[in-house]
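Step one of this worksheet: look at the structure below.
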Amino acid sequence: MKYKAITENHLYHKAYTKGKKFCGRLVAVYVLPDFAAKKLQKADPLRRPCNRIGISTSKKIGGAVVRSRARRIIREGYRQVSRELTLQTGKLVVIAARSAAAKAKSTDIARELRIAVRETGLVADKA
């Protein structure tokens, strides 16, 4: 499943305040319906529905190199989860790295993201 990045700050704020929330040891995940999903689907040449993903890392985690590594690992963990599970589309998904994510492996993050997508209702029904 393809996804796009969240670029607007107000969408991060909406996800933080109004979205379904899961807080784990490594990441915090916020999920909110994306009202611009149909518009983005029409703009896509293949007309594929997608999620918009935002990854947030604060300076509390470490320097620029550490924050970039955390973002890469979170991105790979999300890829693993989206390959294994059928996720709903048309959602805003904000993943905030916690301080323990700086030293974590992508498999640890993927394990926690699997729990998070089930808790927040992002997994699509098999029916």
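Structure values in brief
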quantity	calculated
Any hit, region 80-103, residues being closer than 16 Å to Tyr3 by Cβ, without any contact (Cβ under 8 Å) to a residue 40 or more places away in the chain, assigned to a helix (DSSP H, G or I) and basic (Lys, Arg)	yes
Selection count, region 93-109, where residues are surrounded by fewer than 23 Cβ atoms within 10 Å (Cβ to Cβ) and either within 22 Å of Phe35 (Cβ to Cβ) or among the hydrophobic types (A, V, I, L, M, F, W, C) (or both)	4
Matching option when the condition is modelled with pLDDT of 95 or more and over 22 Å from Thr17 (Cα atoms), among Arg67, Arg79, Arg83	Arg67
Filter result for Val31 (of a type outside the set (Lys, Arg) and assigned to a helix (DSSP H, G or I))	no
Residue list for region 15-57, filter: surrounded by 12 or more Cβ atoms within 10 Å (Cβ to Cβ) and among the polar types (S, T, N, Q)	Gln41, Asn51, Ser56, Thr57
Matching residues in region 38-51 - criterion: being under 15 Å from Thr7 (Cβ atoms) and in contact with a Gly (Cβ under 9 Å, 6 or more places away or on another chain)	Leu40, Cys50, Asn51
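The values are calculated or read from the model by the stated rules, or taken from the named source; none is laboratory data. Bear in mind the structure is a predicted one, so any value in this text is a computation, not a measurement. Neighbour counts are summed over all protein chains in view; Cβ atoms, including those assigned to glycine, are modelled from backbone coordinates with ideal geometry.
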